[in-house]
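Read-outs: derived from the displayed coordinates by stated rules, not from any lab. Predicted model, so just to flag it, every value in this text is computed and none were measured. Backbone-built Cβ (ideal geometry, glycine too); neighbour counts: all protein chains shown.
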Amino acid sequence: MKATLPGATVSRLPVYLRTLAALPSTQTTCSSEQLAALAGVNSAQVRKDLSYLGSHGTRGVGYRIAELRDQIRKALGLTHDYGVVIVGAGNLGSALANYGGFAAWGFQVAAVLDADRGKVGSEVAGHEVESIDDLEAIVTGRSVSIGIIATPSWAAQEVADRLTRAGVRSILNFAPAIIDVPEGVEIRRVDLSTELQILTYHLKQQD
């Protein structure tokens, strides 16, 4: 496998993995054409992406699903569990905590935190909401690798600062704010308003 994969390839690997998981359990192989059709890309792109993993398939047979799934999981680092802390126990944070897909892909919610003392002590998805005052101790003591920010925009930067100082190097930001992080910290922003604006653009093109 290539040591460093292109960013666009990395963004498509989870789509391939999800597609493979959705195939019938009795199916043992799939072609690049089938994988491409289900993933919404072209087959040449699939073959190029998978070649970075050292997987070239077999002519007339395609890719062995179990083997390809393992290769993608290894490339994405999904070979062991990762501790996740969700900061923000409002509607969005609670919805994320209730998401059942975390455990299925090796992500364990280690804690749900909030600054609102009225929420601290309540239960969200089987987790007792804890005080954000304990963020650093929780990150260190529970081996948290990933921080999810689901706070109001005005609080997001401070939360990111505290997460990075505590040693978190991967952050998923749902707050509607641009966050600055130190070099070496990977941050992904999920902006629902931006996605909706992109959808309205495509709707406009259909008029």
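Brief remarks on what is shown
- Beta carbons closer than 7 Å, at least 6 apart along the sequence or on distinct chains, pair a first residue in region 169-181 that is without any contact (Cβ under 8 Å) to a residue 40 or more places away in the chain and more than 18 Å from residue 96 (Cα to Cα) with a second that is aliphatic (A, V, I, L, M) and assigned to a strand (DSSP E or B) for 179/187; 181/171; 181/187.
- Meets criteria (surrounded by 15 or more Cβ atoms within 10 Å (Cβ to Cβ) and either under 15 Å from the mean Cα position of the chain (by Cα) or among the polar types (S, T, N, Q) (or both)) for residue 170: yes
- Exactly one residue among 9, 4 is polar (S, T, N, Q), closer than 29 Å to residue 148 by Cβ and assigned to a loop (DSSP other than H, G, I, E, B), and that residue is 4.
- Total residues in region 33-63, condition in contact with a strand residue (DSSP E or B) (Cβ under 7 Å, 6 or more places away or on another chain) and of a type in the set (S, T, N, Q): 1
- Residue in region 73-82 that is touching a strand residue (DSSP E or B) at 6+ places or on another chain (Cβ under 6 Å), of a type outside the set (Gly, Ala, Ser) and closer than 25 Å to residue 174 by Cα present: yes
- Number of positions in region 10-33 that are closer than 23 Å to residue 104 by Cβ and in contact (Cβ under 8 Å) with a residue 24 or more places away in the chain: 13
- The one condition in (1) in contact with a His (Cβ under 8 Å, 6 or more places away or on another chain); (2) part of a loop (DSSP other than H, G, I, E, B); (3) not β-branched (Val, Ile, Thr) that residue 56 fails to fulfil: (1)
- The number of residues in region 53-101 that are of a type in the set (Phe, Trp, Tyr) and surrounded by fewer than 18 Cβ atoms within 10 Å (Cβ to Cβ) comes to 2.
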